[in-house]
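Taking it in order: structure first as structure tokens, then the write-up.
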Amino acid sequence: MTRILALVLCALALLAVPWIIGNEFYVNMASQVLIYALFALSINMMLGYGGMVSLGHAGYLGIAGYACILATIAGYDQLTAAIFAIALSTAAAAFFGLLSLRAPGLGFIMITLALGQIVWGIAYRANDLTGGDNGIRHPARPMPFGFDIRDAPSFYYFTLVVFVIALFFIWRFSRSPFGASLTGARDQPRRMRMLGHNVWLIRWITFVMAGFWASVAGVLYVYYNLFLSPHAISLQQSAEILLMAILGGASTLTGPIVGAAIITLVKNVVSTYVERWNTLLGIIFVVVIMFMPYGLVPGCTQAWRRWQNHRKRRKATPASEPAQ
Amino acid sequence: MTTAALEVAHLSKRFGGLPATKDVSLSVMPGERRLIIGPNGAGKTTLFNLITGDLTADAGSVRLFGQELMGMPTQQRVHLGLARTYQILTLFPRERLAHNVVLSLLGLDRRRWNPWSILTANRDLYANAHASLERVGLADAAERIVAETSYGERRRLELAMALAQKPKLLLLDEPLAGLSQAERQAVRALLDAIPRDVTIVMIEHDMDTALAFAERITVLHYGEVIVEGTRAEVVADPRTREVYLGD
């Protein structure tokens, strides 16, 4: 009952964001938080549930983003361009997965890192196609079902709809038999094989699904910025997406969203007041990991439970005193 | 002649220069209870790992009811009716007991690929898991976390997970290791209750239980089969004494 109430309150709050904030700058910030939250959610499918650490997630932003822009410039309509972009980027994920999953653990991280850097390198070098260092502009935001999403609040709602659909799918994924097989393969791969599970295929499918949702986020990113350059798909971007999931709490559904919100806000809002916002982000990260090694969401949940138990005990003690 | 449930022929495995399994051949008939004994380092668990595919053999063949298993990945062998328990407990410690058994059931169920349905809504899986837990006397513990159970309960959970898959060939790697006398009795009764359509190969050091349980015994020493025969034959064989008692 409380969960449904919390869900309804969350939904109302998300819907009311443009009214509450009013300021266009901050409404755009909210859209950005949602886009990064989707990136973080997608990487968390691998990281949190599958135990696979990827440092190449920005590669999907690169492939989906450039494909979307180039297809639109080539004259295709926005929907075709978006579908093409997501399909191409997901196919790339399928191929990247084949390469990365050959190596476990550290090798996996290094291969994803290398693949992400290759995408970055191509974007940087292929001047004729991507505009190189100068980047490339996306002609215009689409008009989904005839809705105009050029202004900040309507774009926010558009992003929110896509985000909620993605969140719903990823939530189902995390609670599904497949999700259970994935966490099993994370904790005891050898045992899972002995129980008849194809651990490699479970991981590969997860890799592709994560790539798909990252591609969706990549297209949203392009719609938001109407511009893409190699700086947006650098290693730092991949690392930030990874940090969002870890900061908020990998292996929880809400953790990556919280992490994305904190990092995006510090980067964009706090940076206008504090020059060394990078240092601040570093301090936040260190403090959270020191006191809540599993991230903010699991850490806060645990602290809340402890506090409630403490309160219950305090209530119980005076009642039992007269009996003694 | 009936096909053997398990037919191992000329199986060899080396770790660097050390031969762990040397030209091992053995044949286990359907429904048989086979015991494998031998001193520490005799290659008993290695033999199990070669049969399941956890390790790749250098040479030889392993057949399950006539079907060649060599070159087949572990999970495929499991789908053919192979199950095992581990000497060192290999469970999902942060999950509930029921969830452990459900993972075992999912291993042979097409639903394991479903990323959309809610796992806990698959009532039949949980009912089946509870039945398996009841069989090993853990019905009351189904909703407990593995990390909060006793060692004896975990041993029985290992067994429940293997039995839940209704295997044709069951490999038991020291199912009594680390159990108290009372727990041993309970697990022994459990093993005795396994129907004869399951063929069992067991590694065990508890000789009282093992000898009472098995019909035929294979003695391994330095990776080689040195004696094989019925209970009486193996116990009477001087080579068995040599291995266990020294010259």
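The values are calculated or read from the model by the stated rules, or taken from the named source; none is laboratory data. These numbers were taken from a predicted model, which means no experiment stands behind them. A quick note on method: Cβ atoms are made from the backbone with ideal geometry, for glycine too, and the neighbour counts reach across all protein chains shown.
For this structure, a couple of remarks:
- When A:Ala152, A:Ala217, A:Ala210, A:Ala166 are checked against the criterion of being at pLDDT below 95, under 22 Å from the mean Cα position of the chain (by Cα) and more than 8 Å from chain B (Cβ to nearest Cβ), a single residue qualifies: A:Ala152.
- Residue within the range A:169-177 that is buried (at least 19 other Cβ atoms within 10 Å of the Cβ), of a type in the set (Val, Ile, Thr) and more than 14 Å from every other protein chain (Cβ to nearest Cβ) present: no
- Residue satisfying all of: in the range A:230-251; surrounded by fewer than 21 Cβ atoms within 10 Å (Cβ to Cβ) and among the hydroxyl-bearing types (Ser, Thr, Tyr); modelled with the lowest pLDDT among these: A:Ser251
- Any hit, the range A:3-19, residues being in a helix (DSSP H, G or I), of a type in the set (Lys, Arg), without any contact (Cβ under 8 Å) to a residue 40 or more places away in the chain and exposed (fewer than 13 other Cβ atoms within 10 Å of the Cβ): yes
- A:Thr80 over 30 Å from A:Gln188 (Cα atoms), in contact (Cβ under 8 Å) with a residue 12 or more places away in the chain and assigned to a helix (DSSP H, G or I): no
- Considered as a group, the residues in the range A:178-201 that are closer than 11 Å to B:Leu91 by Cα and more than 7 Å from chain B (Cβ to nearest Cβ) include one that is surrounded by the fewest Cβ atoms within 10 Å (Cβ to Cβ), and that residue is A:Pro189.
- Residues of the range B:62-86 classified as within 30 Å of B:Glu153 (Cα to Cα) and crowded, with 17+ Cβ neighbours inside 10 Å, total: 10
- Some residue of the range B:214-229 being assigned to a helix (DSSP H, G or I), over 13 Å from B:Ile36 (Cβ atoms) and in the same structural domain as B:Lys44 (by TED's automatic domain parsing): no
- Of the criteria (1) in contact with a Phe, Trp or Tyr (Cβ under 9 Å, 6 or more places away or on another chain); (2) at pLDDT 95 or above; (3) closer than 28 Å to A:Thr206 by Cβ, which one B:Trp116 fails: (2)
- In summary, A:Asn268 fulfils each of the numbered conditions (1) at pLDDT below 95; (2) touching a Leu at 6+ places or on another chain (Cβ under 7 Å) with the single exception of condition (2).
- Looking across the range B:45-84, the residues that are in contact with a helix residue (DSSP H, G or I) (Cβ under 6 Å, 6 or more places away or on another chain) and more than 9 Å from chain A (Cβ to nearest Cβ) come down to B:Leu55, B:Ala57, B:Val62, B:Leu69.
- Checklist (1) of a type outside the set (D, E, K, R); (2) outside the structural domain of B:Pro30 (by TED's automatic domain parsing); (3) within 23 Å of B:Ile36 (Cβ to Cβ) applied to B:Ala236, failing item: (2)
- Of all residues in the range A:89-106, those satisfying the criterion of being under 20 Å from the mean Cα position of the chain (by Cα) and surrounded by fewer than 17 Cβ atoms within 10 Å (Cβ to Cβ) are A:Ala91, A:Ala94.
- Any chance B:Pro167 is surrounded by 20 or more Cβ atoms within 10 Å (Cβ to Cβ) and closer than 25 Å to B:Arg94 by Cβ: no
- Residues that are within 13 Å of chain A (Cβ to nearest Cβ) and closer than 16 Å to B:Thr90 by Cβ within the range B:119-153 comprise B:Val146, B:Ala147, listed in sequence order.
- Here B:Ala59 fits the description: surrounded by fewer than 16 Cβ atoms within 10 Å (Cβ to Cβ), over 27 Å from B:Ile194 (Cα atoms) and aliphatic (A, V, I, L, M).
- Filter result (over 20 Å from A:His57 (Cα atoms) and charged (D, E, K, R)) within the range A:187-208: A:Asp187, A:Arg190, A:Arg191, A:Arg193
- When A:Ile109, A:Ile122 are checked against the criterion of being touching a Leu at 6+ places or on another chain (Cβ under 7 Å) and surrounded by 14 or more Cβ atoms within 10 Å (Cβ to Cβ), a single residue qualifies: A:Ile109.
- Residue among A:Tyr36, A:Tyr66 that is under 27 Å from A:Gly255 (Cβ atoms) and either hydroxyl-bearing (Ser, Thr, Tyr) or crowded, with 17+ Cβ neighbours inside 10 Å (or both): A:Tyr36
- Residue selection: A:Ile263 fails the criterion of being of a type in the set (Val, Ile, Thr) and in contact with a Gly (Cβ under 7 Å, 6 or more places away or on another chain).
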